[in-house]
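Colleague: One structure coming up, written as structure tokens, with questions to follow.
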Amino acid sequence: MNNKEISKYIALSDRQTEFEFTVKNNYDFSLKRQNIRLDLIEEADGFLVLSYKGLRYPVEIVSRKQNEYEILLNGVAYTFSVETPFSLKRKKILASRQSDLATIIIKSPMPGKILDVQVDNGQEINKGDTLLILEAMKMQNIITATHRGRISRLCVKTGQIVGKDEILAEIKL
């Protein structure tokens, strides 16, 4: 990438929150019109560290499937996709064309134990509502609704052990 080339992207969180950023020279980022410098460093032992304002944060890429990422940053799990403006617009158009009777499948982002189920079959939910709490790697992960709808099928119960990508619930839009 040459010094004048700037790439624009949108990070789309698992809660559908958009973070627009531009990248210049691989490590110079502009987020919400604020320029920040991030350095992603590979240590001699192979571990990744994100350096920002002199502070170092350990990074682990748990999984990557095309433009979808699951990372641990300083011990906290994040799931997101990286989109170009065009791919995000296309994704939104395709989503708007889906039938009102579409079903969204909520899968486990990682193996773990279900600590608490906070919804019931048939319950109406809103985007962002907590569905359940999954304990993985000694951390509690809140699994939230990605869309507004109704719980059409709850596939887990408190205390159950689940694997990565195991279906936790289905939401009827």
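Rule-based calculations on the coordinates, nothing more; no lab input. Quantities reported herein were computed from a predicted structural model and do not represent experimental measurements. Using ideal geometry, Cβ is built from the backbone for each residue, glycine included, and neighbour counts are taken over all protein chains shown.
Colleague: Is there a pair in Lys8/Lys113; Lys65/Lys138; Lys127/Lys157 whose C-alpha atoms are over 27 Å apart, and which pairs would that be? Show your work: numbers first, answer last.
Modeller: Values: Lys8/Lys113 38 Å; Lys65/Lys138 25 Å; Lys127/Lys157 21 Å.
Lys8/Lys113, as the Cα separations exceed 27 Å there.
Colleague: Return the aspartates and glutamates within reach of Lys89: Cα separation strictly under 18 angstrom, same-chain partners fewer than 8 residues apart disregarded; answer none if there are no such residues.
Modeller: Asp14, Glu18, Glu20, Glu68
Colleague: Looking at (1) 68; (2) 65; (3) 73, which value of percent of Cα pairs over 18 Å apart comes from a calculation on the structure shown?
Modeller: Entry (1).
Colleague: State the extension gain, in nm to one decimal, for the chain segment bounded by Asn74 and Phe19, taking 0.36 nm per residue of separation less the distance between their alpha-carbons.
Modeller: Values: separation 55, 0.36 × 55 = 19.80 nm, distance 1.95 nm.
Result: 17.9 nm gained on full extension.
Colleague: Enumerate the aspartates and glutamates that Lys91 could reach by cross-link, defined here as Cα to Cα under 12 Å, with residues fewer than 8 away along the same chain left out.
Modeller: Partners within reach: Glu83.
Colleague: Same structure again: Please give the length that would be gained between Arg37 and Lys172 if that part of the chain were fully extended, namely 0.36 nm times their separation in residues minus their C-alpha to C-alpha distance (nm, one decimal).
Modeller: 44.4 nm is the gain from fully extending Arg37 to Lys172.
Colleague: I need the calculated FRET efficiency for the pair Met139 and Asn67, taking r as the beta carbon distance and R₀ as 22 Å, to the nearest 0.05.
Modeller: On the way: r = 25 Å, r/R0 = 1.13.
E between Met139 and Asn67, to the nearest 0.05, is 0.30.
Colleague: Applying a 10 Å radius around every beta-carbon, put 57-69, 39-51 in order of their mean neighbour count, most first.
Modeller: 57-69, 39-51
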